[in-house]
Amino acid sequence: MTELNVKRLFDGEQWLSNQKVSILEDKIGAIRPIEQPIPDGNYIDILAPGFIDVHVNGGGEILFNHTPSLDALKAIIKSHAQFGTVAMMPTLISDDYDIMVQAHEAVCAALKQNVGGILGLHYEGPYLNPIRKGVHNEDKLRAPNEERLFKILDVVKQGKLMVTLAPEKVPQGFIEKLVNEDAIVCIGHSAATYDEAIAAVESGARGFTHIFNAMTPLTSREPGVVGAALQSHAKTWCGLIADGHHVHPATMRIAIAAKGCEHIMLVTDAIQSVGSDKSELPFLGKKIHRKNGKVTTEDGTLAGSDLDMASAVRNTINLIQRTPAEALQMASLRPAEFLGIDDRFGRIKTGYQASIVALNQNYHVDRTWIDGKQVY
């Protein structure tokens, strides 16, 4: 058993002072007040639920598309753990079917072996609209081949599966079929109208991939995909890249005011630059330049991000003036609710996974535990 003495505990819902948290194997054990004073050096400043990132393309100089293997997954989670990420959805950017198969096999192997931190698989594409392709290679985009695709959806037997698609580029009934297979459908890289996006939500889509980026904007007479995403009556979640490059802070504040913090989740969309000190990296046949926290192709197109989850939390506090509790929830509890795993993740409570993060007073990561094991 491991016992942690905590000055300030955020249990996912409220702040508690001077608490002792025990870890029993991979679960949280008892949580109780500290009754006797303890020397300062034996305290953790802040303990919070570990961060859950549903959109991670790579880390530690490894892009999942380039190396869709079990070893790559282990390296990527290790790289992000130093920034408080305890669970992730490895993301495959639009690619050939054989690469999709390799990614599927790698994630299934990770789930079968209980590799800590791997929750499932996120296919970002290839069923996207070329008009809003962003950095995705247009020659990889295509219409769905259901016979092929449905062979690589059985990740859901052991973990979670996300599919980001443009609803206007898939056949009628396709979203319902995916939802019936227990896939979580997200709208992204889409030129859909507001009505098309709302129809997709009514068909079961429940997420919007990197809100504002690579989607039709909100305008006076056509609300677009953004307008559909910000509807507060629909139980959908928006992924937000809070790096200050993808979305202006004022725009982020407007989105949260419209949607509510309860349905905004912080994501990184990180590429392999996170955990690396290189300023130039290969990326899907292109060359990526990294400067001042931003990664772009040679023509200036954003190529994912150089963001980590701890920085996203700090930016949410400092750039858009949300409370630390809201920022921490947007990094953990909200993605857990989106994925339907908030009975195990997103809180520090007895019986929950001991996947937690120790932070200093400025919300930089001191230590990270995944399934009860200190990994950073």
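Residues being within 25 Å of THR268 (Cβ to Cβ), open to solvent by 70 Å² or more (accessible area, probe 1.4 Å) and either assigned to a strand (DSSP E or B) or basic (Lys, Arg) (or both): count how many of those fall in region 175-233. Here the count works out to 1. Checked against (1) in contact with a Lys or Arg (Cβ under 6 Å, 6 or more places away or on another chain); (2) under 19 Å from LEU359 (Cβ atoms), SER94 passes all but condition (2). Six or more apart or on different chains, Cβ atoms under 7 Å: show the pairs whose first residue is in region 81-107 and farther than 28 Å from VAL375 by Cβ and touching a residue at least 12 places away in the same chain (Cβ under 8 Å) and whose second is of a type in the set (S, T, N, Q) and open to solvent by 20 Å² or more (accessible area, probe 1.4 Å). Close Cβ pairs (under 7 Å, with a partner that is of a type in the set (S, T, N, Q) and open to solvent by 20 Å² or more (accessible area, probe 1.4 Å)) amount to SER94/ASN137. Within region 305-318, one or more residues are surrounded by fewer than 21 Cβ atoms within 10 Å (Cβ to Cβ), in contact (Cβ under 8 Å) with a residue 12 or more places away in the chain and either within 25 Å of VAL163 (Cα to Cα) or over 17 Å from the mean Cα position of the chain (by Cα) (or both). Inclusion of ARG142 among residues that are at pLDDT 95 or above, in a loop (DSSP other than H, G, I, E, B) and among the basic types (Lys, Arg) is warranted. Within region 230-246, the set of residues being closer than 23 Å to PRO167 by Cα and either in contact with a Ser or Thr (Cβ under 7 Å, 6 or more places away or on another chain) or free of Cβ contacts under 8 Å to residues at least 40 places away in the same chain (or both) comprises LEU230, GLN231, SER232, HIS233, ALA234, LYS235, THR236, CYS238, GLY239, ILE241, HIS246.
Within region 15-38, if we keep just the residues that are free of Cβ contacts under 8 Å to residues at least 60 places away in the same chain and part of a loop (DSSP other than H, G, I, E, B), the residue that is most open to solvent (accessible area, probe 1.4 Å) turns out to be GLU35. Within region 265-296, the set of residues being of a type outside the set (Asp, Glu), out of contact with any Phe, Trp or Tyr (no Cβ under 7 Å at 6 or more places or on another chain), in contact (Cβ under 8 Å) with a residue 40 or more places away in the chain and under 16 Å from ASN213 (Cα atoms) comprises LEU266, VAL267, THR268, ALA270, LYS294. For region 252-280, residues that are open to solvent by 10 Å² or more (accessible area, probe 1.4 Å) and more than 30 Å from GLU13 (Cβ to Cβ) total 6. Within region 80-96, the residues that satisfy the criterion of being crowded, with 24+ Cβ neighbours inside 10 Å and not in a strand (DSSP E or B) are HIS80, ALA81, PHE83, GLY84, SER94.
Selection of region 152-174 for residues being crowded, with 20+ Cβ neighbours inside 10 Å, part of a helix (DSSP H, G or I) and either out of contact with any helix residue (DSSP H, G or I) (no Cβ under 7 Å at 6 or more places or on another chain) or not β-branched (Val, Ile, Thr) (or both) yields PRO167, LYS169, PHE174.
The values are calculated or read from the model by the stated rules, or taken from the named source; none is laboratory data. What you are looking at is a predicted structure, and each value in this text was computed from that prediction instead of being measured. Here Cβ is always computed from backbone atoms with ideal geometry, including for glycine, and neighbour counts include all displayed protein chains. Quick note on the areas: whole protein, heavy atoms, side chains included, nothing else; ligands and nucleic acids left out. Shrake-Rupley method; radii C 1.70, N 1.55, O 1.52, S 1.80 Å.
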